[in-house]
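The values are calculated or read from the model by the stated rules, or taken from the named source; none is laboratory data. Note that the structure is a prediction, hence the values are computed from the model and not measured. Virtual Cβ from ideal backbone geometry, glycine too; neighbours counted across all protein chains shown.
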Amino acid sequence: MNIVTIIQRSIPFPPIRIEKIITYLKYVYDKDIVNTEELKKNNIDFGRGRGDITRFLNSINIVELEGSKVRLSKIGKILVEIYNNSKIMFKILLNNYLYDRVIQYRILIDILRENSKIDIETLYRKVNENIKHISPSTWINKVAYRTLINFSIDLEVIKKDGKYLTYLGHRDLINNIMKDFSTKIGDEIYIDIKGLSNKLGINHEFLEKYIEQHVEKVKCPNIDFKLIKVKDVDKIIDKICSLRIEHVMKFSSTER
C-alpha cells in the first residue's frame, strides 16, 4: 500500500491519551471477544456507532471487528504482552507502529526530528503543508493534531515545554538501560544479554540474533558468567530503538 493510499483512508483520531488505549487493549485481551456496547457501557470506549477508539484501532489493524464484536488482532495481543513485561519497549513498538501505519503521525515525527524544537502552531502548519504535498485535498484538523501530539508525548518521543515541542526519540532511554547491564574492562564493553532482554521484555535469543552484527560471543575476563562483547554501542541502541512488532512477533507466546 503506497503513501497516497494510506493518507486518503479515513482514520478517525479520537481525543484520547495512550493510557486510554492501554486500558482498552487490556480489557479486550482479558475478555477475548467483547461487544462494542459493553465497551462503551464500561467507559472503555465512547462515541457513536461502534465507538471512536474501536474505529481508530480497527483502522490500523490493532483490533478486529465482526459485526458488533471486537477482539484484538495478533498485533494487539503482542502489544499487551509487551506492555505487561516492559513499558519502555511497549512505547518503542507502539511509536514505531504508528510511524509506519499513520502517515500523519510519521510526518509530525519527521518534522520534529528535523527541527529539534518547534512551537505547536508552526508544527501544525508544517504538518498540513507536508500532507497537502502528498494529497492536495487532505488536511488534519486540530482535534486529530492534538491527539497525535499527546500520543508522541505519552510515548516519550517528544516533550512539551509551554508552547514548544522538543524531539527526544528513545536513544537516551535505551542508553541508560544499556548502562545498567554493561561492564567495561579496559577499553572493551560487555553486556549481559539476558538481563537486558528481561528488562526490555523480549526473548533473549531473539535479541542476541537481532544485534549479532554488533557483538562478539566471547567470555568476559575476570567475571564468572558469560557476557557478550560489544563492537558498537551506538548501533545496538539504534537497532533496539528501531524494533518493529513484526520483528518480535514470531517469538511471542500469544497463540490465542
Original post:
residue 55 is checked against (1) part of a helix (DSSP H, G or I); (2) free of Cβ contacts under 8 Å to residues at least 12 places away in the same chain and fails just one. What number does that condition carry?
Top reply: (2)
Subject >> Residue check, residue 138 buried (at least 17 other Cβ atoms within 10 Å of the Cβ), at negative phi and touching a residue at least 40 places away in the same chain (Cβ under 8 Å) >> reply: no
Subject >> Cross-chain or 6+ apart pairs with Cβ under 7 Å, segment 179-197 first and under 18 Å from residue 88 (Cα atoms), then in a helix (DSSP H, G or I) and of a type in the set (Asp, Glu) >> reply: 193/208
Original post:
Considering 108, 123, 165, 148, which residue is assigned to a helix (DSSP H, G or I), in contact with a Ser or Thr (Cβ under 9 Å, 6 or more places away or on another chain) and crowded, with 18+ Cβ neighbours inside 10 Å?
Top reply: 108
**OP:** Inspect segment 55-78 for any residue being modelled with pLDDT of 95 or more, surrounded by fewer than 18 Cβ atoms within 10 Å (Cβ to Cβ), outside the structural domain of residue 25 (by TED's automatic domain parsing) and touching a Lys or Arg at 6+ places or on another chain (Cβ under 9 Å) and give the result as yes or no.
**Re:** no
Subject >> Candidate set: segment 53-105, residues that are charged (D, E, K, R) and closer than 24 Å to residue 158 by Cβ; chosen: the one nearest to the chain's Cα centre (by Cα) >> reply: 91
Original post:
Among the residues of segment 172-180, is there at least one that is buried (at least 18 other Cβ atoms within 10 Å of the Cβ) and farther than 16 Å from residue 235 by Cα?
Top reply: no
Subject >> residue 99 vs. criteria modelled with pLDDT of 95 or more, of a type in the set (Phe, Trp, Tyr) and closer than 30 Å to residue 248 by Cα >> reply: yes
